[in-house]
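Novice: Take this structure, written in structure tokens, and hold onto it; I'll ask about it next.
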Amino acid sequence: MQIEETPYTRLCSTKNILTVNGQFPGPTLRIRQGDTAIVNVHNKGKENITIHWHGVKQPRYPWSDGPEYITQCPIMPGKSFTQVIELSDEIGTLWWHAHSDWSRATVYGALIVYPKKGDSYPFPKPHAEVPIILGEWWKSDIQAVLSQFQRSGGDPNISDAYLINGQPGDLYECSKQDTFKLAVQHGKTYLLRMINNAMNNIMFFSIAKHQITVVGSDGSYTKPFKSDYIAISPGQTIDFLLEANQTPDHYYMAAKAYSSAPRIPFDPSTTTGIVQYSGNYAPSSQPIFPNNLPLFNDTKASTSFTGSLRSLSNKLVNFPLEIDTKLFFTLSINTLPCERNNTCAGPGGNRLAASVNNITFDIPHIDILEAYYNRIRGVYGDRFPSFPPLKFNYTASNLPVELQTPTRDRQVRVLEYDSNVEIVFQGTNLVAGIDHPIHLHGYSFYVVGWGIGNFDEKKDPSNYNLVDPPLMNTIAVPRNGWTTIRFKANNPGVWLMHCHLERHVSWGMEMAFIVKDGKRPGEQMLPPPPDMPQC
């Protein structure tokens with residue numbers, strides 16, 4: 001992988017963007033379940049970079065996981081880093097992306113995990129497979145967008161377009177000629193591998209006149225279910241089958257943002273591609289547009305789709321029934337005082353922030369993994385709280401302003417090896433209640449329950465799905481609601497957990513787990529490679 005600046009033209013204007021091997025989106029990596037890939041990343045760009053292999057557990061080897069200042073120092077311009085991508089039980093669609101500043105706006109691509117030789121899909125083999133990657137595009141340089149956002153203390157400038165496979169689609173100016181087109185044959189079935197790399201938006205997606213069948217998500221098979229649309233969080237993948245069973249014509253596939261919070265600015269535009277049937281026929285003068293694309297604020301459509309996901313098998317691997325470690329994490333938008341008596345663009349002239357358990361994460365300047373492995377003191381603390389410091393009505397419509405101010409800190413939560421962990425994520429209505437797609441590095445987790453409002457520890461656990469909960473690595477905690485996940489802490493190392501809305505992680509909605517080594521052979525973190533980047 002060669003990181004380099006490449007000129008790209010979208011929406012009538014050209015700018016240099018960071019790419020991998022000059023491609024946008026970047027190259028698709030294909031690998032079989034359980035295999036190991038070695039990727040040399042050479043940075044020929046002008047800024048620091050890291051690459052994260054999203055959804056790859058990297059057993060005992062967090063050194064190649066990628067998040068900047070958590071498991072590695074960034075790869076500086078002119079430097080290289082050889083990353084080892086070790087797969088275990090992942091199957092289906094994963095992806096890779098930059099994990100430094102906002103570089104993932106253009107540095108991303110698909111990572112497809114095929115069954116082992118001799119194994120087959122748990123559904124009829126499709127005629128063809130096609131990655132469908134959703135993205136966002138700013139006419140401005142993305143680092144300029146980030147700098148302005150960090151300086152102002154307010155929300156970032158919204159994007160100028162959404163993308164399907166790097167193209168805005170023909171509803172945008174100067175885009176008709178390059179609109180992504182999917183050629184299909186009547187009677188054939190296609191496996192579409194969808195990835196949401198939008199920076200700040202959960203997305204709705206639909207194909208005119210066609211139902212789809214969901215068969216996988218986040219590198220795991222699901223029980224098949226039919227749907228007229230998809231709701232997909234940033235970081236999430238959805239595998240679905242498209243049957244080309246309609247009258248031959250041209251049909252739009254379309255995606256637009258789901259935005260649940262009033263007064264939060266977002267780009268309301270729609271990106272499109274075209275499903276084109278082959279054969280001799282006269283197509284409609286305009287491709288047919290889907291009428292099943294939910295409204296931008298349809299929370300029920302978002303939660304209903306995500307709540308329909310189920311594990312394919314009822315025989316769950318490493319599923320914790322007895323819980324050793326119970327954690328309750330509040331997810332909040334916050335405000336901090338503006339520096340030096342200036343006025344910021346956040347509420348009340350303050351600076352917007354975000355937190356987990358009222359802690360806004362303070363990024364170190366040496367990575368936590370190196371500090372942990374080499375026992376370097378003063379880089380982080382190990383007292384991340386199991387519960388928020390204050391208990392209140394988290395989802396009330398009017399909350400006291402004094403609850404908005406978080407603590408800036410750099411604490412991690414230490415987990416014993418092989419402990420069974422349950423986390424309840426509770427969204428709050430501080431400043432603005434909004435969905436939070438939470439991603440955990442180094443693990444997949446089972447989503448056993450969710451709901452709207454405050455979590456009730458006496459009533460809600462009785463409704464948990466302990467039979468076939470979906471195995472995910474990213475889950476959208478609904479606006480002013482809660483979600484419960486479970487996982488077995490059997491992968492030693494340092495592992496980041498964060499919201500996958502880029503503005504929220506920039507504001508500090510992240511934390512890290514340290515999973516201790518086990519005592520038996522094969523339960524210890526492996527040593528670092530010799531070419532780890534230096535800070």
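Novice: If you find the alpha carbon centre of the range 124-150 and of the range 450-509, how far apart are they in angstrom?
Specialist: The distance from the Cα centre of the range 124-150 to that of the range 450-509 comes to 24 Å.
Novice: Compute the signed sum of charges (Lys and Arg +1, Asp and Glu -1) over the other residues within less than 15 Å, Cβ to Cβ, of Glu129.
Specialist: Every neighbour counted, the sum reads +3.
Novice: Under 19 Å Cα-Cα from Lys44, which lysines qualify once same-chain neighbours fewer than 8 residues away are excluded?
Specialist: The reachable lysines, counting only those whose Cα sits under 19 Å from Lys44, are Lys15, Lys79.
Novice: Ok, one more. Can you give the angle from 0 to 90° between the axis of helix 142-152 and the longest principal axis of the chain, with both taken from C-alpha atoms, to the nearest 10?
Specialist: Taking Cα atoms only, the helix is inclined about 40 degrees.
Novice: Solvent-accessible area of Val317, probe 1.4 Å, all protein chains present, reported in Å² to the nearest ten, please.
Specialist: Rounded to the nearest 10, the figure is 100 Å².
Novice: Could you tell me what % of all Cα pairs in the range 236-278 have separations over 12 Å?
Specialist: Of all Cα-Cα distances in the range 236-278, 73 percent exceed 12 Å.
Novice: Checking a compactness column here: for the range 92-245, what do you get for Rg(Cα) / (2.2 N^0.38 Å), N being the number of residues?
Specialist: Values: Rg = 17.1 Å, N = 154, 2.2 N^0.38 = 14.9 Å.
Cα Rg divided by the expected 2.2 N^0.38 Å: 1.14.
Novice: I'd like the Karplus ³J(HN,Hα) series for the range 304-317: coefficients 6.51, -1.76, 1.60, θ = phi - 60°, whole numbers in Hz, and an x wherever there's a Gly or Pro.
Specialist: Working through the residues one at a time gives 5, 5, 4, x, 7, 6, 9, 4, 5, 9, 8, 8, 7, 7 Hz.
Novice: Could you tell me whether the range 288-446 comes out rounded, prolate or oblate from its Cα gyration tensor? Rule is a ≥ b ≥ c as square roots of the eigenvalues, rounded for a/c under 1.5, then prolate if a/b exceeds b/c, otherwise oblate.
Specialist: Oblate, since a/c reaches 1.5 and b/c is not below a/b.
Novice: When DSSP assigns beta bridges and you keep just the ones with both residues in the chain, what percent turn out antiparallel, to the nearest 5?
Specialist: 75
Novice: When Rg is the radius of gyration of the Cα atoms in the range 477-516 and Rh is its Kirkwood radius, what does Rg/Rh come to?
Specialist: Across the range 477-516, the Cα-based Rg/Rh ratio is 1.04.
Novice: Right, another one. Could you tell me what fraction of 2.2 N^0.38 Å the Cα radius of gyration of the range 1-143 comes to, as a two-decimal ratio?
Specialist: 1.11
Novice: Using DSSP, restrict attention to beta bridges with both residues in the range 238-374 and report what percent are antiparallel, rounded to the nearest 5.
Specialist: Percent antiparallel among DSSP bridges in the range 238-374 is about 95.
Novice: Here is a follow-up. Place +1 on the Cβ of every Lys and Arg and -1 on the Cβ of every Asp and Glu in the chain, take the dipole about the Cα centre, and give the residue among Phe425, His498, Tyr121 whose Cα lies farthest towards its positive end.
Specialist: Looking along the dipole axis, the top candidate is Tyr121.
Novice: Ignoring ligands, DNA and RNA, what accessible area per residue does the range 380-464 give at 1.4 Å, in Å²?
Specialist: With all protein chains present, the range 380-464 gives 47 Å² per residue.
Novice: Compute all pairwise cysteine Cβ distances in the chain, then list the cysteines with no distance under 4.7 Å to another cysteine.
Specialist: Cys with no partner Cβ under 4.7 Å: Cys499.
Novice: Can you give me the convex hull volume of the Cα atoms of the range 126-166, divided per residue and expressed in Å³?
Specialist: That works out to 80 Å³ per residue.
Novice: Looking at the square roots a ≥ b ≥ c of the eigenvalues of the Cα gyration tensor of the chain, which shape do they give, rounded for a/c under 1.5, prolate if a/b is larger than b/c, or oblate?
Specialist: Working: a/c = 1.31, a/b = 1.25, b/c = 1.04.
Rounded, because the longest to shortest axis ratio a/c is under 1.5.
Novice: Now a separate question. Calculate what fraction, in whole %, of the accessible area of the chain sits on carbon and sulfur atoms when a 1.4 Å probe is rolled over the protein chains.
Specialist: For the chain, the apolar C and S fraction of the accessible surface comes to 48 percent.
Novice: What does the charge count near Arg340 come to, summing +1 for each Lys or Arg and -1 for each Asp or Glu among other residues with Cβ under 14 Å from its Cβ?
Specialist: Net of charged neighbours comes to +1.
Novice: Can you show me the helix-derived [θ] at 222 nm for the chain, built from DSSP H runs with n ≥ 4 at -39,500 (n - 2.57) apiece and divided by the number of residues, rounded to the nearest 500.
Specialist: Computed ellipticity for the chain at 222 nm equals -1500 deg cm²/dmol.
Novice: Further question on the same structure: Only sites in a loop by DSSP and with at most 15 other Cβ atoms within 10 Å count here; which trypsin sites (Lys or Arg not before Pro) in the range 406-486 make the cut?
Specialist: Here the trypsin sites (Lys or Arg not before Pro) that fit, given the DSSP loop and packing criteria, are Lys458, Lys459.
Novice: Longer than 24 Å from Cα to Cα, which of Lys116/Lys326; Lys116/Lys315; Lys57/Lys516; Lys117/Lys181; Lys139/Lys256; Lys223/Lys326 are they? Say none if no pair is. Walk me through the intermediate numbers first.
Specialist: Working: Lys116/Lys326 36 Å; Lys116/Lys315 20 Å; Lys57/Lys516 16 Å; Lys117/Lys181 31 Å; Lys139/Lys256 18 Å; Lys223/Lys326 28 Å.
Beyond 24 Å between Cα atoms: Lys116/Lys326; Lys117/Lys181; Lys223/Lys326.
Novice: Probe radius 1.4 Å, ligands and nucleic acids left out: which of Val505, Val214, Val414 has the largest accessible area, and how do the rest follow?
Specialist: Val414, Val505, Val214
Novice: Under a 1.4 Å probe, what is the accessible area of the range 136-253 per residue, stated in Å²?
Specialist: So the range 136-253 comes to 32 Å² accessible per residue, rounded to a whole number.
Novice: Continuing with the same structure: Under 5 Å between amide hydrogens, which residues at least 5 positions from Lys181 or on another chain qualify, with H placed 1.01 Å from N in the peptide plane?
Specialist: HN-HN under 5 Å from Lys181: Ile274.
Novice: Apply the a/c threshold of 1.5 to the C-alpha gyration tensor of the range 42-115 and tell me whether it is rounded, prolate or oblate.
Specialist: Details: a/c = 2.21, a/b = 1.59, b/c = 1.39.
Since a/c reaches 1.5 and a/b is larger than b/c, the shape of the range 42-115 is classed as prolate.
Novice: Report the one residue of Gln83, Ile232, Gly346 whose Cα lies farthest in the direction of the positive end of the charge dipole of the chain (charges on C-beta: Lys and Arg +1, Asp and Glu -1; origin at the Cα centre).
Specialist: Sorting the options by dipole projection puts first Ile232.
Novice: Rounded to whole Å, give me the distance from the Cα center of the range 343-411 to that of the range 1-67.
Specialist: 29
Novice: Quote the charge dipole size of the range 353-491 about the Cα centre in Debye, to the nearest 20; the model charges only the Cβ of Lys and Arg (+1) and of Asp and Glu (-1).
Specialist: Numbers: 12 positive and 14 negative charges, 35 e Å.
Approximately 160 debye in magnitude.
Novice: Pairwise over distinct Cα atoms, reciprocal of the mean inverse distance: report the Kirkwood radius of the range 396-535 in Å, one decimal place. Mind showing how you got there, number by number?
Specialist: Numbers: mean 1/r = 0.0589 Å⁻¹.
In the range 396-535 this quantity evaluates to 17.0 Å.
Novice: For the range 311-379, just run the numbers: alpha carbon Rg, then divide by 2.2 N^0.38 Å, N being how many residues it has.
Specialist: The range 311-379 yields a ratio of 1.79.
Novice: Report the local net charge at Thr50: Lys and Arg +1, Asp and Glu -1, summed over other residues whose C-beta lies under 13 Å from its C-beta.
Specialist: The answer is -3.
The values are calculated or read from the model by the stated rules, or taken from the named source; none is laboratory data. The structure presented is a predicted model; accordingly, all values stated were derived computationally and were not measured. A quick note on method: Cβ atoms are made from the backbone with ideal geometry, for glycine too, and the neighbour counts reach across all protein chains shown. Remember, those area values only see protein heavy atoms, side chains included, never the ligands or the DNA or RNA. Shrake-Rupley method; radii C 1.70, N 1.55, O 1.52, S 1.80 Å.
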